[in-house]
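One structure below.
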Amino acid sequence: MSRRNLYWLLGIAAVSLLGITVSYSAPSREKDKDYELVRLMVDVLHEVRERYVVDIDEEHERKLVEDMIKGGLELLDPHSDYITPREYKQFEKQSEGKFGGIGIQVGLDRMTRQLTVLSPMPGTPAYEAGILAGDIILKIDGKATENMRMDEAVDLALRPLFAGYPIVLALPVQWGDQDSFRHVNNTVYFRWYESARIVYGRKIGLMSEDPNAKAGPILAATANNYRRQLTFPDTVHIGVRVAKIGGASLSFEHIIVSETQRAIAADGTSTIVYFDYVNNRPLRVPAAIRHAIESLEGRSL
């Protein structure tokens, strides 16, 4: 092979190698820029964790990061926004629903981010008060709705339904909660009631952590009124309160509210007996538990 041809081949190989180097190094530099930007946000979050005056839990950390993203996009232009997973779930349901305790159907305007009345429900307090479709909701329970996320608005709007319930437990509806008819099986409601009662019981010292405890609660009776069908996906809020303290028993009242439907899906009752596991007989509800119930309920029973 002539020396000239050899130089020509070496030149082609060098150019090809240079092209490969450039093609591989360019994405690497782009990735480095991305990592640098992500690192900036991580550094800010770390500083907040280390130096903020109070400790921030995981829920508030996530909200902080989401608000940082939202704020940046809002400065970019008025039409860009970040939608959280919970907000996306609301949008999948057309960002609208019924606030059953109020009597209005509402929607979140994607452009202005304002809560707007789609229609008042006839025969409800909102309808009688003269609320009209197109009205903008400026406050909920005294809190301004400007820049309020949809999930926050839902939580505030649901509060009137839980008036008088000191304990409210939120649980996701699972796919497996449904039966062959594609709605939540009727037995699941009783499991939700039990979960709320356990939270209540731990709060007042009724539930012992000792597996060898000689006395404690047993379920004597339970009932449920089914008002609305529930389906996946959804989140239910279960309220529980004590209606009556007997000699050896506690009577509970329950309520289940659908976050998607924003209305009461079920209500029920249950009776718990304080029981002597050793002698197999009821015991009088201890005075300490009675006082804890009245303190939690904020009323005399």
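Name the single residue that is nearest to the chain's Cα centre (by Cα) among those in the stretch 159-180 being over 20 Å from Arg197 (Cβ atoms) and assigned to a helix (DSSP H, G or I). Filtering first and then ranking leaves Arg159. Between Leu206, Leu230, the distinction of being closer than 15 Å to Val285 by Cβ and either touching a residue at least 60 places away in the same chain (Cβ under 8 Å) or outside any strand (DSSP E or B) (or both) belongs to Leu206 only.
Residue by residue, here is whether (1) of a type outside the set (A, V, I, L, M); (2) modelled with pLDDT under 95; (3) assigned to a strand (DSSP E or B); (4) in the same structural domain as Val106 (by TED's automatic domain parsing) holds:
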{"residue": "Val236", "(1), (2), (3), (4)": "no, yes, yes, no"}
{"residue": "Val240", "(1), (2), (3), (4)": "no, no, yes, no"}
{"residue": "Ser251", "(1), (2), (3), (4)": "yes, no, yes, no"}
{"residue": "Thr269", "(1), (2), (3), (4)": "yes, no, yes, no"}
{"residue": "Ile272", "(1), (2), (3), (4)": "no, no, yes, no"}
{"residue": "Arg290", "(1), (2), (3), (4)": "yes, no, no, no"}
{"residue": "Ile293", "(1), (2), (3), (4)": "no, no, no, no"}
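Conditions tested, residue by residue: (1) surrounded by fewer than 16 Cβ atoms within 10 Å (Cβ to Cβ); (2) at pLDDT 95 or above; (3) within 30 Å of Ala292 (Cβ to Cβ).
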site: Ala157; (1), (2), (3): no, no, no
site: Pro160; (1), (2), (3): yes, no, yes
site: Gln174; (1), (2), (3): yes, no, no
site: Ser180; (1), (2), (3): yes, no, no
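Keeping to the stretch 247-262, report how many residues are of a type outside the set (D, E, K, R), closer than 30 Å to Leu283 by Cβ and surrounded by 15 or more Cβ atoms within 10 Å (Cβ to Cβ). Please lay out each step first, then the result.
Going through the stretch 247-262, the residues of a type outside the set (D, E, K, R) turn out to be 247-252, 254-258, 260-261.
Filter once more, keeping what is closer than 30 Å to Leu283 by Cβ: 247-252, 254-255.
With surrounded by 15 or more Cβ atoms within 10 Å (Cβ to Cβ) added as a condition, the list becomes 248-252, 254-255.
Total meeting the criteria: 7.
Checking each residue in the stretch 207-235 for being of a type in the set (S, T, N, Q) and within 14 Å of Arg191 (Cα to Cα) picks out Thr222, Asn224. All of (1) part of a loop (DSSP other than H, G, I, E, B); (2) in contact (Cβ under 8 Å) with a residue 12 or more places away in the chain; (3) not aromatic (Phe, Trp, Tyr) hold for Ala223 with one exception: (1). Residues in the stretch 260-293 that are under 30 Å from Thr235 (Cβ atoms) and aliphatic (A, V, I, L, M): Ala263, Ile264, Ala265, Ala266, Ile272, Ala292, Ile293.
The values are calculated or read from the model by the stated rules, or taken from the named source; none is laboratory data. On a predicted model such as this, the values are computed, not experimentally measured, just so you know. Every residue, glycine among them, receives a Cβ derived from its backbone with ideal geometry; neighbour counts consider all protein chains shown.
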